[in-house]
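Peer 1: Sharing a structure here in structure tokens format.
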Amino acid sequence: MLRVERLRCSDRQNPMGTDRDIRLSWQLESDSGNIMQRAYRIVARGEEGELLWDSGVVISSRQQAAWPEEIPLRSRQRVLWRVEAEDSAGNTAVSEEAFFQTALLEQTDWRAKWIIHPEVHDAYGNTDQDRALPSYLFRKEFSVGKKIRRASLYICGLGFFTARINGCPVSDEVLAPAFTRYDRRTLYASYDITPLLQEQNALAVSVGNGRYNGFSDGVWNLKCEPWRSYPKLIAQIHLDYADGTEQRIGTDKSWKTHPGPSYFNCIDGGERYDARLAPEGWEQSGYDDSQWTAAEISRGTGGLLYPSTLPPIRITQSLRPLTTTRNGKGTVYDFGQNLSGWVRITVAGEPGAVVSIRMAEQLREGDIYHGEIASQYADQE
């Protein structure tokens, strides 16, 4: 039996936020073993069932095709597509339907503004490397009064951001957005937030320095980059209602902001986090943010906004240490390999107690060893 499986759009499954460079691919599977595709046909339709593209029968063994340039795509357009295929033995199969949704394809689609916390200076390339900037929290409450057909979030927080709606993460993606030359091109993420919405909602975003505002003398010398500036946020929610109307919610002066509990964060130097400074319930609707500050409009990055089409960084596995040893300085946990990730711990103690965790790529004489890279860490208290 012939099957058409693994439909992908630009190497992603049912992606949100594609650009105009659309590449469709698929794979053939069969119980009979060796097969070769003889022909295929792609049929793509809009959400209302209207035909957008019918490739017709194409005699080819290639299991991929580019979206035709002569068929333009609109911003935020959802396309449903399927593949019909025939193998060299004359067997035919039709795939399940897949979809993709385009991003904000024009710069003019953005009505939202870049915003910052008013305590920072909004200029390029002149931030104070000796100042331990915190993360900044931003929040906005909004209501949904009608039945929603689809809700989409387009967002970029520099250097890195996390976003939640009503306390729930909008995605399992981490360390977004990807590193670019920010004064030329800044990537934003696109998320389907339809399942997260209630009648009353809160979008809560935490923004840290990341590579956008580097502090250290590390190998990348980020503190000298021409784009360097303070953390900032741009976000735009589109609510498409079942009655055909649309509501747009974007970052502006009506958003509230507050310094976050991560009172120092640096891509090379690590993080200082004070749990006592974490506002309880700030990610939920109904939180009293009357003591927070109104956000300030920022001049942005100097670069254009582009949809991120890269595979997202995600947590793929959890590891436990292979060995645990104690020395005069503390406890050393050896995971047996170099890795990129976070440490997850459970602690108990009095408020104000300090837990210190240091990372290293090498062990020497029963202790962690930084060696010649020690000078690249911004070890600020």
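The values are calculated or read from the model by the stated rules, or taken from the named source; none is laboratory data. All values derive from a computational prediction rather than experimental measurement. Cβ sites come from the backbone with ideal geometry, for glycine too, and all protein chains shown count toward neighbours. For accessibility, only protein heavy atoms count, side chains too; no ligands or nucleic acids. Shrake-Rupley method; radii C 1.70, N 1.55, O 1.52, S 1.80 Å.
Peer 1: Would you call Y263 open to solvent by 50 Å² or more (accessible area, probe 1.4 Å), under 16 Å from G157 (Cβ atoms) and in a strand (DSSP E or B)?
Peer 2: It is false that Y263 is open to solvent by 50 Å² or more (accessible area, probe 1.4 Å), under 16 Å from G157 (Cβ atoms) and in a strand (DSSP E or B).
Peer 1: Can you pull out the residues in the stretch 75-97 that are among the hydroxyl-bearing types (S, T, Y) and open to solvent by 30 Å² or more (accessible area, probe 1.4 Å)?
Peer 2: Residues satisfying the conditions are S75, S88, T92.
Peer 1: Of everything in the stretch 310-343, what is open to solvent by 100 Å² or more (accessible area, probe 1.4 Å), more than 30 Å from P177 (Cβ to Cβ) and of a type outside the set (A, V, I, L, M, F, W, C)? Give them in sequence order.
Peer 2: Once the filter is applied, which keeps residues that are open to solvent by 100 Å² or more (accessible area, probe 1.4 Å), more than 30 Å from P177 (Cβ to Cβ) and of a type outside the set (A, V, I, L, M, F, W, C), the stretch 310-343 yields R320, R326, K329, Y333.
Peer 1: Regarding T301, is this residue at pLDDT below 95, of a type outside the set (F, W, Y) and closer than 26 Å to Q13 by Cα?
Peer 2: Taking the combined requirement at face value, the residue does not satisfy it.
Peer 1: Step by step: first the residues of the stretch 185-202, then only those that are more than 14 Å from S171 (Cα to Cα) and surrounded by fewer than 14 Cβ atoms within 10 Å (Cβ to Cβ), then the one that is nearest to the chain's Cα centre (by Cα). Which residue is that?
Peer 2: The residue in question is R185.
Peer 1: Still on this structure, please answer the following. Would you check which residues across the stretch 280-296 are open to solvent by 40 Å² or more (accessible area, probe 1.4 Å) and either under 22 Å from V343 (Cβ atoms) or in a loop (DSSP other than H, G, I, E, B) (or both) and list them?
Peer 2: Passing the criteria: E280, E283, Q284, S285, G286, Y287, D288, S290, Q291.
Peer 1: Quick check on this structure: which one of R320, R326, R299 is part of a loop (DSSP other than H, G, I, E, B) and farther than 23 Å from V207 by Cα?
Peer 2: R320
Peer 1: Additional query: Residues in the stretch 31-49: is at least one over 19 Å from L7 (Cα atoms) and of a type in the set (A, V, I, L, M, F, W, C)?
Peer 2: For the stretch 31-49, residues over 19 Å from L7 (Cα atoms) and of a type in the set (A, V, I, L, M, F, W, C): absent.
Peer 1: Of F142, F179, which residue is among the hydrophobic types (A, V, I, L, M, F, W, C) and open to solvent by 60 Å² or more (accessible area, probe 1.4 Å)?
Peer 2: The conditions single out F179.
Peer 1: Give the number of residues within the stretch 93-118 that are in a strand (DSSP E or B) and of a type in the set (D, E, K, R).
Peer 2: 0
Peer 1: In addition: So which residues in the stretch 38-57 are surrounded by 13 or more Cβ atoms within 10 Å (Cβ to Cβ) and at pLDDT 95 or above, if there are any at all?
Peer 2: Residues satisfying the conditions are R38, A39, Y40, R41, I42, V43, A44, R45, G46, L52, W53, S55.
Peer 1: What's the number of the only condition in (1) open to solvent by less than 50 Å² (accessible area, probe 1.4 Å); (2) charged (D, E, K, R); (3) at pLDDT below 95; (4) part of a strand (DSSP E or B) that D240 fails to meet?
Peer 2: Of everything listed in (1) open to solvent by less than 50 Å² (accessible area, probe 1.4 Å); (2) charged (D, E, K, R); (3) at pLDDT below 95; (4) part of a strand (DSSP E or B), D240 misses just condition (3).
Peer 1: Right, something else. Any residue at all in the stretch 267-279 that's part of a loop (DSSP other than H, G, I, E, B) and open to solvent by 100 Å² or more (accessible area, probe 1.4 Å)?
Peer 2: No, the conditions are met nowhere in the stretch 267-279.
Peer 1: Filtering the stretch 145-157 down to residues that are modelled with pLDDT of 95 or more and among the small types (G, A, S), which residue is surrounded by the most Cβ atoms within 10 Å (Cβ to Cβ)?
Peer 2: Going through the qualifying residues, I end up with G157.
Peer 1: Now for a separate question. Return the residue satisfying two criteria in turn: it lies in the stretch 11-37 and is among the small types (G, A, S) and touching a residue at least 60 places away in the same chain (Cβ under 8 Å), and of such residues it is most open to solvent (accessible area, probe 1.4 Å).
Peer 2: Here the answer is S30.
Peer 1: Let me ask something additional. I'm told V219 meets every condition in (1) out of contact with any helix residue (DSSP H, G or I) (no Cβ under 8 Å at 6 or more places or on another chain); (2) surrounded by fewer than 17 Cβ atoms within 10 Å (Cβ to Cβ); (3) more than 29 Å from F100 (Cβ to Cβ); (4) modelled with pLDDT under 95 except one. Can you identify the failing condition by its number?
Peer 2: Result: V219 passes all but (1).
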